[in-house]
């Protein structure tokens, strides 16, 4: 019973710095604080309660502000970011761990994390989620990270745009796709024809004029950059 109460206590409390902020921490004290912080975040991220997961996200934000971008943080964000889509809990056939707002915040923090491993998690989130706001945040974060040396990110975004344009066109999702495609295209894909195809599809799709015009602008930027590259 005492072990159960200890677990409840751990997942419900916010992370409190172990050492007073008014004193300079030694390496050992800093490591101790980060270890305890990671343990609390891990327990909170795997709790059943949405509110406790929100507390985990608050603690993750605070930890990252202090420079804690550990593998444990990435794992917590991956678990919560895929909960309800890849990691599903059913009760009498009803999905009970579906928290789109949590997944969206996870996508945002993964973009701040900014690593290649975070990019891989974001691709999983974008490919498996059905909530436009979650996918929009994942696509935005992929642009913030700016890694696509194998073309997988652009390909994934293209498939998502096609899927939603066919069943549920979403202006915010399309706009995020344009901005990220433009960033990645200028850096990695000047010779990738798929980029122009995605942007053209949005430009000719059932979107607001502001979205279509932004797609046209992105196409012009990439085509002009391609011409400039060919002149060199």
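All of the numbers you see were taken from the coordinates with simple rules; none came from a lab. The structure displayed is predicted, hence computed values, not measured ones. Glycine gets a Cβ as well: all are built from the backbone with ideal geometry, and neighbour counts include every protein chain shown.
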Legend entry - Virtual spin-label span in nm between residue 152 and residue 127, 7 Å along Cα→Cβ: 0.7
Legend entry - Crossing angle, helix 193-203 versus the chain [Cα axis fit, 0-90 degrees, rounded to tens]: 90
Legend entry - the stretch 196-213 and the stretch 152-189: distance between their alpha carbon centers, rounded to Å: 10
Legend entry - Inter-label distance, nm, simple model (7 Å from Cα along the C-beta direction), residue 220/residue 117: 4.3
Inset, instruction - Treating the angle as unsigned and between 0 and 90°, give the value, to the nearest 10°, between the Cα long axis of helix 27-45 and the longest Cα principal axis of the chain. - result: 70
Inset, instruction - Over the chain, calculate the relative contact order: mean separation of alpha carbon pairs under 8 Å at least 6 apart, over the residue count, as a percent. - result: 12
Legend entry - Nearest 10 degrees, 0 to 90: helix 71-81 Cα axis against the chain principal axis: 70
Legend entry - Relative contact order of the stretch 104-232, pairs being alpha-carbon contacts under 8 Å that are 6 or more residues apart, as %: 21
Legend entry - Helix-only mean residue ellipticity at 222 nm for the chain, each DSSP H run of n ≥ 4 adding -39500 (n - 2.57), per residue, nearest 500: -23500 deg cm²/dmol
